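Participant: Below is the structure I would like to discuss, written out as structure tokens.
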Amino acid sequence: MARITLRQLLDHAAERGYGVPAFNINNMEQGLAIMEAAAACDAPVIIQASRGARAYANDIMLAKMIDALEEMYPQIPLCLHLDHGNEEATCATAIRFGFTSVMMDGSLKADAKTAAGYDYNVDITRRVVEMAHWVGASVEGELGVLGSLEHGGGEQEDGHGAEGQLSHDQLLTDPDQAVDFVRATKVDALAIAMGTSHGAYKFTRKPDGEILAMRVVEEIHTRLPNTHLVMHGSSSVPQPLQEMFNQFGGEMPQTWGVPVEEIVRGIRHGVRKVNIDTDCRLAMAAAFRKVAVQARSEFDPRKFLKPAMDALRELCRDRFEQFGTAGNAGKIKVVPLPEMAKRYRAGALDPQIGKMTQAA
Ligand code: G3H
Ligand code: 13P
Ligand code: ZN
């Protein structure tokens, strides 16, 4: 069994200079495709479930599905992470269902729409860190609000995201405040805002430094070299997938995502977790459309799902290779949660003090 915490996995990634994609799932087919890709290239895995995914699939179903994947792929360290937890209870119940890591997104209030103040964010994130660390689970916090530097809007595509107009101060994480935030909360990983947003419509042109502020990543990494940084909204929305989606009856206006080379640049500057959901959705949806158009009499769902899984597996494998995740699964000796809890209690995992060594 290889259920790993986010903290241990990202410490390993930092020691060896690689990044780990965090793929969102909602169903069995996505879980299988991700694990098949990981097994094919010996990559450790972060599977994340949003509140929407938990409501869609049910916590019991998700938990048992992850148990099954773990049993099928015992050689692959698997971190199960809660994406965008909105309050303490959401994080606590996730841990109860076997999540080894949670995100407490205190950049927004519990309604997941209203931008929250700094003190609120510190307070709620610190409380979740205390609770999670008692049992050895990891916590990702977020400072800065995700949204577009092009038009100043948050993103509402998935019903999660700030409403209304945001200032540049809100849309770009302040490096000094990041230092204060990590010290005050003791988060294991920090999501930062630099112009990325969720969904397919991130940029209206190929992004440059004006609208994708990778310099912010570099500045924060200089001040917090031991803190694992997280990039949300990191789908690349690949042109070939947009074209395939449209070729088979889809209607997606031309759009740009985060180029893989910019993510790789981030990985050189402390980015360890890279959140990808939209690309996975698009890869599967384009494959569904192709079957629907090319085999109009087809009604067996497996005939739609199999090519969709193939497309997702290929996408995941590509990201494992590009981010340097491939080849690392076998090098990790998983530390169980109770041992992680002991280390937190002993103060050995304070992000300001140093990184955990891989010795169990
Ligand atoms: O947080 C954004 C992810 O894309 C999850 O989306 O809430 O529709 O599952 P979702
Ligand atoms: P994308 O919409 O770019 O895939 O981002 C997903 C994400 O950040 C989930 O937290
Ligand atoms: Zn996100």
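Participant: Could you please report the charge total around PRO253, scoring K, R as +1 and D, E as -1 over all other residues with beta-carbon less than 13 angstrom from its beta-carbon?
Facilitator: 0
Participant: Further, regarding this structure: Rounded to the nearest whole Å², what accessible area per residue is found for the range 1-118 with the 1.4 Å probe?
Facilitator: Roughly 32 Å² per residue, with all protein chains present.
Participant: Using only the alpha carbons, work out the radius of gyration and Dmax of the range 152-243 in angstrom.
Facilitator: Rg and Dmax of the range 152-243, Cα atoms, are 14.3, 46 Å.
Participant: Could you compute how much accessible surface ILE263 exposes when probed at 1.4 Å, giving the result in Å² to the nearest 10?
Facilitator: Approximately 0 Å² for this residue.
Participant: Here's something else I'd like to know. Over 22 Å between C-alpha atoms is what I'm after, so list which of LYS113/LYS186; LYS113/LYS202; LYS202/LYS273; LYS64/LYS303 land there.
Facilitator: LYS113/LYS186; LYS64/LYS303
Participant: Per-residue accessible area for LEU166 at 1.4 Å probe radius, Å² rounded to 10?
Facilitator: Looks like 20 Å² after rounding.
Participant: If you don't mind, there's one more thing I want to ask. Around ALA43, which amide H atoms from residues at least 5 apart in sequence, or from another chain, sit under 5 Å from its own amide H, with H modelled in the peptide plane?
Facilitator: GLY327, ALA329
Participant: Give me the accessible area of GLU163, 1.4 Å probe, in Å² rounded to the nearest 10.
Facilitator: For GLU163, solvent-accessible area is about 110 Å².
Participant: Using C-alpha positions alone, give me the convex hull volume of the range 100-192 per residue in cubic angstrom.
Facilitator: Dividing the Cα hull volume of the range 100-192 by its residues yields 91 Å³.
Participant: Hey, any idea what % of the chain's accessible area is carbon plus sulfur with a 1.4 Å probe?
Facilitator: About 53 percent, which is the carbon plus sulfur part of the accessible surface.
The values are calculated or read from the model by the stated rules, or taken from the named source; none is laboratory data. The structure presented is a predicted model; accordingly, all values stated were derived computationally and were not measured. As a convention, Cβ positions derive from the backbone with ideal geometry for all residues, glycine included, and neighbour counts pool all protein chains shown. Only protein heavy atoms, including side chains, enter the accessible area calculation; ligands, DNA and RNA are left aside. Shrake-Rupley method; radii C 1.70, N 1.55, O 1.52, S 1.80 Å.
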